[in-house]
Amino acid sequence: MVLIAMLLALGVGLHALEALIPVPIALPGAKLGIANIVTLVCLYALGPVNALILAVARVTLGGLVSGTLGSTAFFMAMAGAIGSCLAMSAFRALTARQAKLIAAASMVGAVAHNISQLAMFTAIAGTSKVFVMLPYLLAIALPTGYFTGLAGVYAFLALSKLRGFSLGTSGLSSAYGRRSLIGTAAVMLVLAA
């Protein structure tokens, strides 16, 4: 319970911090998703039920802190958090809970987050034309989801040093994160060329 409270406080802080970071792209809904790090850690450390509770509480408290509680932005954030958490939970179950796949789970969560937010906006506004933005959102969500996942790997490794937090860390090391980061940078350079 203490770990969930700690992750919730960290998640709300990251949520508020992320709201202050200007996004250099004029695309509504595009953001880094750094608050998702705590959901990833909770999912792989404490399971999907606790991760879902954490995600809902994080968005609710984040809405209170940012003043968006009850607004369209709040409902879109809630839909994104729930959709993302459910998709990452399914990915975790399908991959036998391998913690070394946290970055891939984060990418799955980023895609589900965008689809869930657009679906919520469609339900609120009554038009599905907003889905025309999906390819552009995914072009941003996949790399940011991956780097958020790498941050989750490092957070998981740091927290694994705490007493009682050793579950699920097999196969993870800082070397894994470095290799993954170098490989990703190489692929992104090839794609950019």
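The values are calculated or read from the model by the stated rules, or taken from the named source; none is laboratory data. Keep in mind that this is a model prediction, so the values were computed, not measured. Glycine also receives a Cβ, built like all others from the backbone with ideal geometry; neighbour counts cover every protein chain displayed. The accessibility values were calculated without ligands, DNA or RNA, using every heavy atom of the protein model including side chains. Shrake-Rupley method; radii C 1.70, N 1.55, O 1.52, S 1.80 Å.
I'm told Tyr146 meets every condition in (1) open to solvent by less than 50 Å² (accessible area, probe 1.4 Å); (2) within 24 Å of Thr72 (Cβ to Cβ) except one. Can you identify the failing condition by its number?
(2)
Quick check: is even one residue across segment 100-119 within 24 Å of Thr60 (Cα to Cα), of a type in the set (A, V, I, L, M) and at pLDDT below 90? Give the derivation first.
Of segment 100-119, the ones within 24 Å of Thr60 (Cα to Cα) are 105-119.
Next, only the ones that are of a type in the set (A, V, I, L, M) stay: 105, 107-108, 110-112, 115, 118-119.
Then drop every residue that is not at pLDDT below 90, which leaves none.
Within segment 100-119, none of the residues are within 24 Å of Thr60 (Cα to Cα), of a type in the set (A, V, I, L, M) and at pLDDT below 90.
Quick check on Ala96: is it out of contact with any Asp or Glu (no Cβ under 8 Å at 6 or more places or on another chain) and over 29 Å from Ser160 (Cβ atoms)? Give the steps one after another, and end with the answer.
Values: out of contact with any Asp or Glu (no Cβ under 8 Å at 6 or more places or on another chain): yes; over 29 Å from Ser160 (Cβ atoms): no.
Against the criterion (out of contact with any Asp or Glu (no Cβ under 8 Å at 6 or more places or on another chain) and over 29 Å from Ser160 (Cβ atoms)), Ala96 does not qualify.
Is it true that some residue in segment 144-155 is modelled with pLDDT under 90 and part of a loop (DSSP other than H, G, I, E, B)?
no
For residues that are open to solvent by 70 Å² or more (accessible area, probe 1.4 Å) and outside any helix (DSSP H, G or I), scanning just segment 22-74, find the one that is farthest from Met107 (Cα to Cα).
Selected residue: Leu69.
Looking at (1) in contact (Cβ under 8 Å) with a residue 24 or more places away in the chain; (2) closer than 28 Å to Val130 by Cα, find the lone condition where Leu46 falls short.
(2)
Taking only pairs six or more apart or across chains, which ones have beta-carbon atoms under 9 Å, a first residue in segment 139-161 that is more than 14 Å from Val41 (Cα to Cα), and a second residue that is among the charged types (D, E, K, R)?
Ile140/Lys31; Thr144/Lys31
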